[in-house]
Amino acid sequence: MLVASLCCLLWGSAYPSIKLGYIAFNILPEDIASKYVFAGYRFTLAGMLLLLLSRIVRKQKLQLTKPQWTGLIMLGILQTGLQYMFFYVGVANTTGVKGSIMNATTTFFSVVLAHFIYKNDKLSRNKIVGCLLGFVGVIIVNFHTDLLAFSFSFTGEGFVIIAALVFSVTALYAKRLTATIDVLIITGVSLFVGGLVLTLLGLSLGGRVTHFTLESTSNLIYLALLSSVAFCLWNMLLKYNKVGRVSVYNFLIPVFGALLSALFLGETILELKNLVALLFVSVGIYLVNRVRSVQSSNNTPMK
């Protein structure tokens with residue numbers, strides 16, 4: 001619970017950090033190519049940090065088989081590269097409110113996919129109700145009058161949903177890889193490869209990130225650190241826990257994002273909607289994780 005919440009807190013802090021990074025690097029809102037380069041630098045650096053940590057702390061060399069290299073490269077291209085290609089274009093073509101809500105569909109995709117892939121991670125009433133409560137919490141924290149006027153753009157909300165689906169599928173694939181490859185190496189290589197893909201794509205489209213100052217560089221380093229820590233811990237959680245139990249914590253990301261954005265961008269943090277949203281998400285997480293407790297008590301032999 002604590003590790004999953006920490007991951008979501010770190011990812012939530014990326015919301016204001018990325019906005020501040022765009023300002024520090026003078027990246028305009030419509031400049032998608034430069035955003036790709038910015039994200040590419042972030043993930044490439046994050047991957048390098050994890051691989052360096054693996055080499056220094058665990059004394060591990062990248063001695064992998066050809067199939068393992070293929071799997072890691074595909075994970076990097078898809079989970080980091082492809083996901084963020086869709087995500088950045090989608091966010092640029094929709095409002096921040098709708099983008100955040102659409103991105104919360106990650107949890108639904110993960111829980112449903114796990115139901116069909118793992119025999120011990122089936123859907124239940126508690127899981128369904130918990131996910132719905134969590135989603136309501138995300139809507140509450142992002143509530144705006146924009147939501148009252150229905151509109152849907154394939155290259156806007158549609159791309160954000162596709163990005164969420166890509167992340168859910170690749171997270172399941174990463175869980176499979178953890179059976180034979182160390183989590184540090186999996187996360188390091190995938191972030192490094194995905195970062196290179198985004199950097200090369202952004203540069204080929206004319207994007208540039210050149211305004212390096214102490215402020216902008218510190219921002220980039222922080223984003224790289226949060227990515228390396230959060231993705232590594234998340235993959236570790238997926239290795240040892242059921243996908244459904246872990247994925248529901250994703251609902252905390254937009255809540256933490258809203259709270260931290262309010263704190264660092266000078267907005268009101270103690271709004272009633274933020275507290276209500278946190279309550280809904282917390283109850284949803286409790287219900288999903290309560291399934292295990294009930295099952296465990298039912299399977300305990302009588303003494």
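Quick check on Val183: is it touching a Gly at 6+ places or on another chain (Cβ under 8 Å) and under 30 Å from Ile56 (Cα atoms)?
Numbers: touching a Gly at 6+ places or on another chain (Cβ under 8 Å): no; under 30 Å from Ile56 (Cα atoms): yes.
Against the criterion (touching a Gly at 6+ places or on another chain (Cβ under 8 Å) and under 30 Å from Ile56 (Cα atoms)), Val183 does not qualify.
Summed over the stretch 199-232, the residues that are farther than 21 Å from Tyr88 by Cβ and surrounded by 17 or more Cβ atoms within 10 Å (Cβ to Cβ) give a count of 2.
Any idea which residue in the stretch 148-194 is surrounded by the most Cβ atoms within 10 Å (Cβ to Cβ), counting only those that are aromatic (Phe, Trp, Tyr) and not in a helix (DSSP H, G or I)? Even if it seems obvious, please write down each step before you answer.
To start, the set of residues in the stretch 148-194 that are aromatic (Phe, Trp, Tyr) comprises 150, 152, 154, 159, 167, 173, 192.
Going one step further and asking which of them are not in a helix (DSSP H, G or I), we end up with 150, 152.
Working: Phe150: 6, Phe152: 11.
Within the stretch 148-194, the match that is surrounded by the most Cβ atoms within 10 Å (Cβ to Cβ) is Phe152.
For the stretch 1-109, the helices (runs of 4 or more DSSP H) that sit wholly inside it and include 3 or more residues that are among the small types (Gly, Ala, Ser) and more than 13 Å from the chain's Cα centre (by Cα) are 2-24, 32-57. Of all residues in the stretch 39-67, those that are crowded, with 20+ Cβ neighbours inside 10 Å have Cβ atoms under 6 Å from Cβ atoms of residues that are modelled with pLDDT under 85 and not charged (D, E, K, R), 6 or more apart or on another chain, in Ser54/Gln60.
Number of residues in the stretch 1-38 that are without any contact (Cβ under 8 Å) to a residue 60 or more places away in the chain and hydroxyl-bearing (Ser, Thr, Tyr): the value is 1.
The values are calculated or read from the model by the stated rules, or taken from the named source; none is laboratory data. Model, not experiment: these values are computed from the prediction. Backbone-built Cβ (ideal geometry, glycine too); neighbour counts: all protein chains shown.
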